[in-house]
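Data block below; observations after.
The values are calculated or read from the model by the stated rules, or taken from the named source; none is laboratory data. Given the structure is predicted, the values throughout are model-derived calculations rather than measurements. As a convention, Cβ positions derive from the backbone with ideal geometry for all residues, glycine included, and neighbour counts pool all protein chains shown.
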Amino acid sequence: MTRTTGTVFGVNGNMVTVDVKGDVSLNEVGYISVGDQKLKSEVIRIRGKQAEMQVFEQTGGIGVGDTVEFSGEMLAVELGPGLLGQVYDGLQNPLPQLAEQAGFFLKRGLYLDAIDKARSWEFTPKLEAGATVSAGDTIGTVPEGIFDHRIMVPFNISGEWTVRKVAPKGSYKVDDTICQIEDAKGTTQDLSMLFEWPVKRAISLFEERYKPTEPMVTKIRMIDTFFPVARGGTYCIPGPFGAGKTVLQQITSRHAEVDIVIVAACGERAGEVVETLQEFPELTDPRTGRTLMERTVIICNTSSMPVASREASVYTAVTIAEYYRQMGLNVLLLADSTSRWAQAMREMSGRLEEIPGEEAFPAYLESVIASFYERAGVVRLKDGSFGSVTIGGTVSPAGGNFEEPVTQATLKVVGAFHGLSRERSDARKYPAIHPLESWSKYPSAINDELVAYCRDILLRGNEVSQMMKVVGEEGTSLEDFVLYQKSEFLDSAYMQQNSFDPVDGSVTIERQRHIFRILFDVLASEFDLHDKDNARSYFNQLRQIYLDYNTSEWESDAFASREAELVKLINEKRTGYDSTAEEIRNRVGSAVG
Amino acid sequence: MKKIYSRIEEIAGNVITVTAEDVRYSELALVTSGHGKSLAEVIRLRGNKVSLQVYSGGRGVSTGDEVQFLGRPMQVSFSDNLLGRIFDGSGRPRDKGPTLEENLIEIGGPSVNPSKRIIPRNMIRTGIPMIDLFNTLVESQKLPIFSVSGEPYNELLSRIAMQAEVDLIILGGMGLKYDDFLFFRDTLEKGGAMDRTIFFVHTASDPVVECLMVPDISLAVAEKFALQGKRVLVLLTDMTNFADSLKEIAITMEQVPSNRGYPGDLYSQLAARYEKAVDFEGAGSITTLGVTTMPGDDVTHPVPDNTGYITEGQYYLRGGRIEPFGSLSRLKQMVNDTTRADHRGLMDGMIRLYANYKESVEKKSMGFRMSEWDQKLLRYGALFEAKMMDLTVNIPLEEALDLGWEILAECFQSDETGLQSKLLDQFWPRKSIRDEQETA
Ligand SMILES: Nc1ncnc2c1ncn2[C@@H]1O[C@H](COP(=O)(O)OP(=O)(O)O)[C@@H](O)[C@H]1O
Ligand SMILES: [Mg+2]
């Protein structure tokens, strides 16, 4: 088949209009020749004989009449063993390898293999000649890091096929044929360990999709206890600049209890990715004893990199996430920031002169955001195993105001909302998740009733604090004042967490459940406090010990003695126990979680 | 030599359109009119219709003026001869020195490969406690000063520039008032820094398009020096003028505005410049300090808002002081763990208490009785503002830390500070004024 070609008719920013000779399809990839460079581009609109293409590169130097070759393929990623530990740009170019060739700077038109073709993998077949297979079935496995990477029948193969030959156990390169299949008509096809999949199409080769209920532990108390995320669920972190979105995602990428993390650094600072890049190979994953890098893929298309590949980058990321889900793994995709992706769409929409919606975002913004998050999910695969893709995206609302199109469109589709507040980050209350505005539809790893009780204290304590702003401390009853102190205690001792402390930085669910009991006791107890100054200093004392408790190593002597101090201090002043709390506690029993 | 076109078909604002063949996107052309010559850059191609933005502006350009394409994008001369010199936004001398034409380099080059970046590691000492202690500046950082006109942001910029240990200073002025330009020149001259400084200055009375070139020219030169091993400090003042120039061109080109008239790619445009800040492994670095004036003192205005999302923090300058709230150095944690053991704890603790102080002030202003705790906070806030926030204070970090403990001990009992016991044990001043009073 001869490929369609064309010539450049116009250039406007990163959009090029091409006169096409032959057929083209929407989202087809083409290459514009400029001197000895070929610039990758994607068809984003077709009108008569002209196609509009977004160029994944700087467009300087392109001239009218330059030739364009179309590939016949949609924008796709390579899937196969060797993705883990890689650092790609939005088009799956490996950045470290690019640097080996081009040095400090990115080089236009230089595209490298996403997956190392020279590396050998120990293949173990899982089926025999004669077996019937279809897309997604496992042919065999290769060890990749700590995982058994499933070598699967390419996802784009349709119908049922019979296996004619499978390679014996041994060492192979990704391009080697490891299987030959034949369809009913007798057509045969050779399969390697590698295949491509178009990024904008969801991979949906599973039997059933479930409601996400199992917690995805982040080791951040405020999230796991109060605003949990479930495996296969979706959540968003909107917040003004500097409120802590990126730090929150960074610590989640380190500590989350999942098999694989895909980090999509989408249109924000390059420097922030570098921390991950340089530190992950050095950090051990406590669950596996291997480096964190071995479970991580980084898609890095930061703010000064071409905006069209920024648009592609979130799709590249989610496609790789879905691929590993097909192996029965739990994958977490963290995208920072989905607003930059939306802005990339806006830039293109503007160049296409589409009728703009609110804040000039395209009218299809909502549906595109919705279908992106729809790619998350916990699923049962054909072989009965379960896998999940969890998606967490930050949102960078203009002016920090959540009443803007991207935040609003995202809130409609996600299962949890961790709204960051400027007020809290200004006061250095981290994580700056707003405890009253945030919500989650997923169950907590700690008993939901106990959590609701705490949240109620927070709510009422906040009301007191609002009221105190009007009537002053002197116009507030001691009872209300104590309630306020309790809510402050909950906030400062439990919700706030020091991400940079080696101990406090990540708290296991076991520890959360343990220390939650003491927190609950403080909140539910009635204390003998004779005046407000007395109450304030008592809660200051409690807080001080609890903070030290938080930074003491789990089950260490220091931890035990801090706990004893807390219990002693509580018992000294306790005169009773709130009856509602008592009732819940009796019902829930000692099992907090 | 390329063909000369002598028929301009359209003139709108600073953008002209000609019919021409064999022209490339971003190519430069020379427009010769009755007023002289000006460079122009190709910003749109459509068939044989070529739109260019004229650096010296569209005013006075006639349909009969000549347009000659140069077959190359915008370039600037790069050598040590630039040192001590003053140029305009197109790279023409503003001083009496010669025009430089040797060793031309392209501006607006490709971004640094993120995988070649390194983790910033060197603190830049400024002697300003609000910076060194609370929001440490780090080599290769990009950081703007958010302010309103009338505030001494240019003074602050020049003070940091004079005090920072860097090899080279590049000042990019955009819409700079002539007086401010003279101020910079005189300050640097007096400080003996002129021979390691390069100016690219667009003043308020110069053509708008040239304003757009200033960051690119400044940063292209900075990048070359950095690659040669120099630690370069780039000062960009005022980036709001740069953004307004972008807006003006976008409107002329009839682009759909996204927010208050600014183009939808404002974020990407600003990021392309700020992201040039870098530390080259084995060579030099670029640190960028900008000024972003906030129209109407509104931080949610698109320019400061987009800037804040791009830069690695910001210093809020208000009432002649760097505000503790809102001010942020995102890179501080890269360096403040190795300065002194109490740096981080003290930094967070003091700000938390200052936030409490602000609440007490609010309560007081509403006429509420001040509790004993409020009294302590009020005392603390006053001391903090006088001894830490005042911009005339000029002390090394270590002294600022000691001062911090003194202030705390003067106002509070140690367990009221919310600081970790470990730190209190080590650093709480044994004999503060207050303890003496109490034992007496
Ligand atoms: N959990 C945290 N603990 C301590 N400091 C934090 C935390 N989160 C954010 N910060 C501080 O705030 C700065 C900005 O956070 P960042 O995540 O980059 O904000 P955003 O991505 O929302 O713009 C960080 O550089 C750090 O100084
Ligand atoms: Mg961020």
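Applying a threshold of 6 Å to beta carbon distances and a minimum spacing of six or more residues, or different chains, the list of pairs starting in the range A:464-482 at a residue that is within 22 Å of A:Val522 (Cα to Cα) and ending at one that is charged (D, E, K, R) reads A:Val464/A:Asp480; A:Phe481/A:Lys532. Can you pull out every residue in the range A:232-255 that is more than 23 Å from A:Glu294 (Cα to Cα) and either outside any helix (DSSP H, G or I) or more than 15 Å from ligand 1 (Cβ to nearest atom) (or both)? Within the range A:232-255, A:Gly233, A:Thr234, A:Tyr235, A:Cys236, A:Ile237, A:Pro238, A:Gly239, A:Pro240, A:Phe241, A:Gly242, A:Ala243, A:Gly244 meet the criteria. Of all the listed residues (A:Ser499, A:Ser506), the sole one being polar (S, T, N, Q), away from chain B (no Cβ under 14 Å) and out of contact with any strand residue (DSSP E or B) (no Cβ under 9 Å at 6 or more places or on another chain) is A:Ser506. In the range A:159-199, which residues are charged (D, E, K, R), within 18 Å of A:Pro143 (Cβ to Cβ) and assigned to a loop (DSSP other than H, G, I, E, B)? A:Lys169, A:Asp176 - these are the residues of the range A:159-199 that are charged (D, E, K, R), within 18 Å of A:Pro143 (Cβ to Cβ) and assigned to a loop (DSSP other than H, G, I, E, B). In the range A:12-33, which residue that is more than 32 Å from the chain's Cα centre (by Cα) and of a type in the set (A, V, I, L, M, F, W, C) is farthest from the other protein chains (Cβ to nearest Cβ)? Looking at the filtered set, the residue picked out is A:Val24. Can A:Gly267 be described as at positive phi, within 14 Å of chain B (Cβ to nearest Cβ) and out of contact with any strand residue (DSSP E or B) (no Cβ under 6 Å at 6 or more places or on another chain)? Yes.
Any residue at all in the range B:290-306 that's more than 12 Å from chain A (Cβ to nearest Cβ), at positive phi and not in a strand (DSSP E or B)? The answer is yes; a qualifying residue exists. With respect to A:Ser440, determine if the residue is touching a residue at least 60 places away in the same chain (Cβ under 8 Å) and closer than 30 Å to A:Asp578 by Cβ. So A:Ser440 passes the test. Please tell me if A:Leu569 is modelled with pLDDT of 95 or more and within 14 Å of chain B (Cβ to nearest Cβ). Yes; evaluated as a whole, the condition is true for this residue. In summary, A:Glu214 fulfils each of the numbered conditions (1) buried (at least 20 other Cβ atoms within 10 Å of the Cβ); (2) more than 16 Å from ligand 2 (Cβ to nearest atom); (3) of a type outside the set (Val, Ile, Thr) with the single exception of condition (1). Would you point out the residue of the range A:531-588, among those that are in contact (Cβ under 8 Å) with a residue 12 or more places away in the chain, hydroxyl-bearing (Ser, Thr, Tyr) and not in a helix (DSSP H, G or I), that is surrounded by the fewest Cβ atoms within 10 Å (Cβ to Cβ)? Only one residue fits best here, namely A:Thr575. For the range A:415-425, the criterion of a residue being in a loop (DSSP other than H, G, I, E, B) and away from ligand 2 (no atom under 16 Å from the Cβ) is satisfied by at least one position. As for the range A:356-367, it holds at least one residue that is assigned to a strand (DSSP E or B) and surrounded by fewer than 22 Cβ atoms within 10 Å (Cβ to Cβ). Selection over the range A:78-129 of residues that are of a type outside the set (A, V, I, L, M), touching a Cys at 6+ places or on another chain (Cβ under 9 Å) and in a loop (DSSP other than H, G, I, E, B) gives a count of 2. In the range A:374-396, the residue that is farthest from ligand 1 (Cβ to nearest atom) out of those that are β-branched (Val, Ile, Thr) and within 18 Å of A:Glu208 (Cβ to Cβ) is A:Val379. In the range A:383-409, the qualifying residues are those that are of a type in the set (S, T, N, Q) and touching a residue at least 60 places away in the same chain (Cβ under 8 Å), and the one that is farthest from the other protein chains (Cβ to nearest Cβ) is A:Ser388. Checking each residue in the range A:395-412 for being within 15 Å of ligand 2 (Cβ to nearest atom) and aromatic (Phe, Trp, Tyr) picks out no residue at all.
For first residues located in the range A:224-253 and within 26 Å of A:Ala452 (Cα to Cα) and within 11 Å of chain B (Cβ to nearest Cβ), partners that are within 9 Å of ligand 2 (Cβ to nearest atom) and not in a loop (DSSP other than H, G, I, E, B) and lie 6+ apart or on another chain with Cβ distances below 6 Å form the pairs A:Gly239/A:Lys245; A:Lys245/A:Thr394.
Look at the range A:463-516 and say how many of its residues are within 16 Å of ligand 1 (Cβ to nearest atom) and either aromatic (Phe, Trp, Tyr) or under 23 Å from A:Gln541 (Cα atoms) (or both). The number of residues fulfilling the criteria is 15. When A:Ser367 is tested against (1) farther than 28 Å from A:Arg201 by Cα; (2) out of contact with any Gly (no Cβ under 7 Å at 6 or more places or on another chain); (3) free of Cβ contacts under 8 Å to residues at least 24 places away in the same chain, only condition (1) is not met. Per the listing A:Val229, A:Val258, A:Val199, the residue uniquely outside the structural domain of A:Ile181 (by TED's automatic domain parsing), away from ligand 1 (no atom under 16 Å from the Cβ) and over 13 Å from the mean Cα position of the chain (by Cα) is A:Val199. Taking each residue of the range A:187-208 that is of a type in the set (Gly, Ala, Ser) and looking for partners that are surrounded by 16 or more Cβ atoms within 10 Å (Cβ to Cβ) with beta-carbon atoms closer than 7 Å, six or more apart or interchain, yields A:Ser192/A:Val174; A:Ser192/A:Asp176; A:Ser192/A:Ile178; A:Ala202/A:Glu322; A:Ala202/A:Arg375. Does A:Ala335 satisfy being buried (at least 24 other Cβ atoms within 10 Å of the Cβ) and either assigned by TED's automatic domain parsing to the domain that holds A:Pro154 or in a helix (DSSP H, G or I) (or both)? For A:Ala335, the condition - buried (at least 24 other Cβ atoms within 10 Å of the Cβ) and either assigned by TED's automatic domain parsing to the domain that holds A:Pro154 or in a helix (DSSP H, G or I) (or both) - is not met. Of all residues in the range B:310-340, exactly one satisfies the criterion of being acidic (Asp, Glu) and out of contact with any helix residue (DSSP H, G or I) (no Cβ under 7 Å at 6 or more places or on another chain), namely B:Glu323. Counting only residues that are at the interface with another protein chain (Cβ under 9 Å from one of its Cβ atoms) and assigned to a loop (DSSP other than H, G, I, E, B), the range B:15-45 holds 6 of them.
Selection over the range B:329-338 of residues that are crowded, with 18+ Cβ neighbours inside 10 Å and either within 10 Å of ligand 1 (Cβ to nearest atom) or part of a loop (DSSP other than H, G, I, E, B) (or both) gives a count of 6.
Assessment of the range B:369-384 against the conditions (away from chain A (no Cβ under 14 Å) and free of Cβ contacts under 8 Å to residues at least 12 places away in the same chain) yields at least one matching residue. Which of the residues that make up the range A:1-30 are of a type outside the set (A, V, I, L, M, F, W, C) and surrounded by 19 or more Cβ atoms within 10 Å (Cβ to Cβ)? Selection gives A:Thr4, A:Gly6, A:Gly10, A:Asn12, A:Gly13, A:Asn14, A:Thr17, A:Glu28, A:Gly30.
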